Amino acid sequence: MAAIVKLMNSCHAMNCRRAVVHQFVRSNWNRDWKPGPYPKTPEERAAAAKKYNLSPEEYEPYPDDGTGHGDYPKLPDISVESRDPYYPWDFPEHKRNFGEPMHVNVDMYGEDRFDVSLKPRYSLTRQVLSFLGVITACAVVYYWFEDKKMFRPVLPKQYAYQGQTHYTFEPAS
């Protein structure tokens, strides 16, 4: 933090814009957001649930399999599209409230991203069969026309009187 203050003071001395430095400070990652170690005792589970504003009954951490999630709660996969648009959210552009824990894959479940509750228009079998049908049709057409080369049919230029000069660059006599 001291380095950032020195940078801000040097920018002031050099008469440069301080907004860039403030933007850097504002968007920096906060070490307080780092998840703690995996809770092993019921007291640690209760403390972790309180840390993430959850009741101990609904708190369930990710399994300790080495992915680094630590005591972060395993939240259900609910995308932003599935949330109520008429609820008075604290952050309506993200449809979330202040202090609400975010999903580990929050960048994947945004309103302009993947929607887990969306029912696909076509089944996966139909999608795969359509893809294979189009690729097969392209391959058949390609191999069918492989020996039939396409080119512009051009013949030698035809003149009215073959063998005579029709123009010259010699001066007229």
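Quick notes
- Among the trypsin sites (Lys or Arg not before Pro) in region 73-173, those placed in a DSSP loop whose Cβ has at most 10 other Cβ atoms within 10 Å are ARG121, LYS148, LYS149, LYS157.
- Computed from Cα atoms alone, the Kirkwood hydrodynamic radius reported for region 74-128 is 12.7 Å.
- Fully extended contour minus Cα-Cα distance, from GLN164 to CYS138, at 0.36 nm per residue: 4.2 nm
- Of LYS50/LYS74; LYS34/LYS74; LYS74/LYS119, pairs whose Cα-Cα distance is over 19 Å: LYS74/LYS119
- Projected label points at LYS74 and LYS157, each 7 Å from Cα along the beta carbon direction, are separated by 8.1 nanometres.
- Of the chymotrypsin sites (Phe, Trp or Tyr not before Pro) in region 77-158, the ones in a loop by DSSP (not H, G, I, E or B) with at most 14 other beta carbons within 10 Å are TYR86, PHE98, PHE114, TYR122, PHE145, PHE151.
- Taking Cα centre as origin and charging only the Cβ of basic (Lys, Arg, +1) and acidic (Asp, Glu, -1) residues, the dipole magnitude of region 94-152 rounds to 320 debye.
Laboratory data are not the source of any read-out in this text; all were calculated from the coordinates shown. The shown structure was predicted, so the numbers you read here are calculated from the model rather than taken from an experiment. Quick reminder, even Gly has a Cβ in these numbers, built from the backbone with ideal geometry, and neighbours come from all protein chains shown.
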